[in-house]
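Read through the structure below, which is laid out as structure tokens, and then see the notes.
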Amino acid sequence: MNKRTIAILMAAVMVLALLAGCGGSSSSSGGSEASSGSAASSASSSGAAAAERKTKDTLTVAIIEDMMSMDPQETNRASNWAIQRQIYNHLVHENPDGSVDPELATKWEWEDDLTLRMWLRDDVYFHNGVQFTAKDVYFMIEKALATSLSASTYASFDIENTEIVNDFEIVLKFKQPYAPVFNTLTSGRGSVPCKEYFDEVGPEVAAREPVGTGPYKFVSWDAGTQMVLEANENYWDTANMAKTKNVILKVVGNTSSRVVELETQSSDLVFEIATTDIDRVNAIEGAHADVSESNRYMLVTFSMKDETLSNKDLRYALSYAIDRQAIINVEYGGNALMATGMYPHNVFAFREIPDYMPYDLAKAKEYMAKAGYPDGGLKLLFNVEDREVDRRIAVMLQDMWKQIGVETEIIVAGDSAYVSQGYSYQIGLRAGNANEPSNILIIYDSAFAQKIQGCDDHIDSELARCKTLLDASERAEAYGALQEYLYDIRFTVPLLETPVVFGVSDNVEGFVSDPLQQINLNSIVVYE
């Protein structure tokens, strides 16, 4: 029994004792009045106690890594977008159930399958005092199409024929029907920047000193150490003004060190607690682990540009040699789901694959022989990003593949080094976090260039077609068939799905988790 359960039971016992002390029964009018008076007195005392609690003017948050850029269209990391969303707004807000609410756009209307008219708020100002208008929306789309990190996501947008009707009305045009348009507009890449500010200071300064319309304003950025934000006192959404004046975002890359942040009360909120540390966090007096379902997943990727890995039998051999349950037990303390398909089970149109990639050494060795390596003797390069869990899983996979005669050299490199060498690799690991099939499956697109470096015309054409299917059932069927094809061709081995785990001080109020970790810091109050 943990300390929280004990506390709840003790509270229940105390309440029962108090009720017994009142001496009245529910059938007695005198008893009812006594109970009622006691409850009122208790509520009054609780209210007085709450009123006496002092709030802090600073929320300290431990994040996992420094920002690549504060330009939303120039990054592809959910960890960056989680910070950027405090500074920027989107045209719309997409709820977990797929419904869409207004944000900077007040309403919208489909005129035909290729034309979306949007009306914008006329009371929104950027942090530098410049009014938000349709030209900023046009600029966001134009900028996204011009950068490799966002171009594939916005490829269906027809910027040449998109029309600014007036300051607060814009007509978005598309080259073909685009089903996930609202998911794109509400994603990190859909944050709306200030065109006038970019024109004035240039993209490099704007990426280092961001200006948005969001609930928090940028103050400073000490690279690799921390970023400081302050409440936007002129925030247009008065119902969601920041409740805490200042936010300090501390870069704490080591997973164990992030737990120490809670143990020493150095941070009020901690991103990405390791699943193996959940019990440790729950044992901290005054803190707890917030665990919820997410869209996070991890998979092994094979480069299709590599002649050796283009051998399908070899890919099958490598997949059957992976003991995914062992990885879940060792690296996640059992707190992860084994993958049963090509993307997370809670994403639209997920299709479960029967008997999905079982761990079977005998079958793996059979496929090694079919691939032309009956005695093993194969050496491969295994590129891994510089993250703790990636490195540890890579070592486990390295040991597993040795059992079928495959030696791997693990090369740890950050994104910049990987890009500078032309995305050259044989085997890789990818950690993803997305709730839209087109975003998850984009790595299989030949034009994407990273991780898989595909070369399959059927996959390319189906990925493009699925995005044009506006009928949900037709789209679901197409994505289901594509998942079965991807399973058969096995360019990747999806390993597992992980929950999203935050470490939260008990002094924090108003925290709400999010499957993509895109939480709203402006709703949080911190008590001393």
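If you go through the range 79-128 and keep only what is in contact with a His (Cβ under 9 Å, 6 or more places away or on another chain) and of a type in the set (D, E, K, R), you end up with Asp101, Glu103.
Which fully enclosed helices (runs of 4 or more DSSP H) of the range 283-373 have 3 or more residues being over 28 Å from the mean Cα position of the chain (by Cα)?
Working: elements: 312-320, 324-332, 361-370.
In the range 283-373, 312-320, 361-370 are the helices (runs of 4 or more DSSP H) which contain 3 or more residues that are over 28 Å from the mean Cα position of the chain (by Cα).
Being assigned to a loop (DSSP other than H, G, I, E, B) and at pLDDT 95 or above is the filter here, so list the residues in the range 56-68 that pass it. Break it down into steps so the answer makes sense when it comes.
In the first step, residues of the range 56-68 are kept if they are assigned to a loop (DSSP other than H, G, I, E, B); the result is 56-57, 64-68.
Passing the criteria: Lys56, Asp57.
Which of the residues spanning the range 158-180 are crowded, with 22+ Cβ neighbours inside 10 Å, closer than 23 Å to Glu74 by Cα and either hydrophobic (A, V, I, L, M, F, W, C) or more than 29 Å from the chain's Cα centre (by Cα) (or both)? Scanning the range 158-180 gives a single hit, Leu172.
Being out of contact with any Asp or Glu (no Cβ under 7 Å at 6 or more places or on another chain) and closer than 30 Å to Glu94 by Cβ: is that true of Met368 here? Steps first, answer last, please.
On the way: out of contact with any Asp or Glu (no Cβ under 7 Å at 6 or more places or on another chain): yes; closer than 30 Å to Glu94 by Cβ: no.
For Met368, the condition - out of contact with any Asp or Glu (no Cβ under 7 Å at 6 or more places or on another chain) and closer than 30 Å to Glu94 by Cβ - is not met.
Of all residues in the range 450-459, none satisfies being at negative phi, without any contact (Cβ under 8 Å) to a residue 40 or more places away in the chain, assigned by TED's automatic domain parsing to the domain that holds Arg324 and in contact with a Gly (Cβ under 8 Å, 6 or more places away or on another chain).
Per the conditions (1) over 21 Å from the mean Cα position of the chain (by Cα); (2) in a helix (DSSP H, G or I); (3) of a type outside the set (Gly, Ala, Ser), the sole criterion not satisfied by Arg258 is (1). Can you confirm whether the range 218-231 contains a residue that is within 19 Å of Pro72 (Cβ to Cβ), among the hydroxyl-bearing types (Ser, Thr, Tyr) and in contact (Cβ under 8 Å) with a residue 12 or more places away in the chain? No: the range 218-231 contains no residue that is within 19 Å of Pro72 (Cβ to Cβ), among the hydroxyl-bearing types (Ser, Thr, Tyr) and in contact (Cβ under 8 Å) with a residue 12 or more places away in the chain. Applying the set (1) assigned to a helix (DSSP H, G or I); (2) crowded, with 16+ Cβ neighbours inside 10 Å; (3) of a type outside the set (Gly, Ala, Ser); (4) at pLDDT 95 or above to Pro494 leaves exactly one unmet item: (1). Looking across the range 104-124 at every residue that is touching a Ser or Thr at 6+ places or on another chain (Cβ under 7 Å) and in a strand (DSSP E or B), the one that is surrounded by the fewest Cβ atoms within 10 Å (Cβ to Cβ) is identified as Trp119.
Only a single criterion out of (1) part of a helix (DSSP H, G or I); (2) buried (at least 19 other Cβ atoms within 10 Å of the Cβ); (3) at pLDDT below 95 is not satisfied by Leu486, namely (3). Consider the range 255-307 and keep the residues that are farther than 24 Å from Met396 by Cβ and hydroxyl-bearing (Ser, Thr, Tyr). The one that is surrounded by the fewest Cβ atoms within 10 Å (Cβ to Cβ) is Thr264.
Scanning the range 470-483 for residues that are surrounded by fewer than 21 Cβ atoms within 10 Å (Cβ to Cβ), more than 30 Å from Asp306 (Cα to Cα) and more than 23 Å from the chain's Cα centre (by Cα) gives Leu470, Asp471, Ala472, Ser473, Glu474, Glu477.
For the range 125-157, the tally of residues that are touching a residue at least 40 places away in the same chain (Cβ under 8 Å), out of contact with any helix residue (DSSP H, G or I) (no Cβ under 8 Å at 6 or more places or on another chain) and either surrounded by fewer than 16 Cβ atoms within 10 Å (Cβ to Cβ) or in a helix (DSSP H, G or I) (or both) stands at 3. Checking each residue in the range 78-103 for being assigned to a loop (DSSP other than H, G, I, E, B) and within 18 Å of Thr213 (Cβ to Cβ) picks out Arg85, Gln86, Ile87, Tyr88, Asn89, His90, Leu91, Glu103.
Filter the range 86-103 down to the residues that are of a type in the set (Asp, Glu) and surrounded by 19 or more Cβ atoms within 10 Å (Cβ to Cβ) and list them by number. Explain how you work it out, then say what you get.
Keep residues of the range 86-103 that are of a type in the set (Asp, Glu), which gives 94, 97, 101, 103.
Of everything in the range 86-103, those that are of a type in the set (Asp, Glu) and surrounded by 19 or more Cβ atoms within 10 Å (Cβ to Cβ) turn out to be Glu94, Glu103.
Being within 20 Å of Met298 (Cβ to Cβ), surrounded by 16 or more Cβ atoms within 10 Å (Cβ to Cβ), hydrophobic (A, V, I, L, M, F, W, C) and at pLDDT 75 or above is the requirement here; does Ile452 meet it? Judged against the criteria, Ile452 is not a match. Residues that are under 30 Å from His458 (Cβ atoms) and surrounded by fewer than 21 Cβ atoms within 10 Å (Cβ to Cβ) within the range 497-528 comprise just one, Leu516. Residue selection: Lys379 fails the criterion of being among the charged types (D, E, K, R) and assigned to a helix (DSSP H, G or I). For Ala447, are the conditions met, namely being surrounded by fewer than 18 Cβ atoms within 10 Å (Cβ to Cβ), under 18 Å from Ala78 (Cβ atoms), among the aliphatic types (A, V, I, L, M) and touching a helix residue (DSSP H, G or I) at 6+ places or on another chain (Cβ under 9 Å)? No. The number of residues in the range 83-103 being touching a helix residue (DSSP H, G or I) at 6+ places or on another chain (Cβ under 8 Å), modelled with pLDDT of 95 or more and of a type in the set (A, V, I, L, M, F, W, C) comes to 2. Taken together, the criteria exclude Tyr418 from residues that are over 18 Å from Thr75 (Cβ atoms), modelled with pLDDT under 85 and either among the acidic types (Asp, Glu) or in contact with a Ser or Thr (Cβ under 9 Å, 6 or more places away or on another chain) (or both). Given the criteria aromatic (Phe, Trp, Tyr) and assigned by TED's automatic domain parsing to the domain that holds Pro494, does Phe271 qualify? In short, no. For the range 183-207, how many residues are assigned to a helix (DSSP H, G or I), in contact (Cβ under 8 Å) with a residue 24 or more places away in the chain and within 26 Å of the chain's Cα centre (by Cα)? The number of residues fulfilling the criteria is 9. What residue, among those in the range 482-517 that are free of Cβ contacts under 8 Å to residues at least 40 places away in the same chain and in the same structural domain as Met298 (by TED's automatic domain parsing), is nearest to Ile322 (Cα to Cα)? Among residues in the range 482-517 that are free of Cβ contacts under 8 Å to residues at least 40 places away in the same chain and in the same structural domain as Met298 (by TED's automatic domain parsing), the one nearest to Ile322 (Cα to Cα) is Asp488.
The values are calculated or read from the model by the stated rules, or taken from the named source; none is laboratory data. Worth saying up front: this structure is predicted, and the values here are computed from it rather than measured. Positions of Cβ are backbone-derived with ideal geometry, glycine not excepted, and every protein chain shown enters the neighbour counts.
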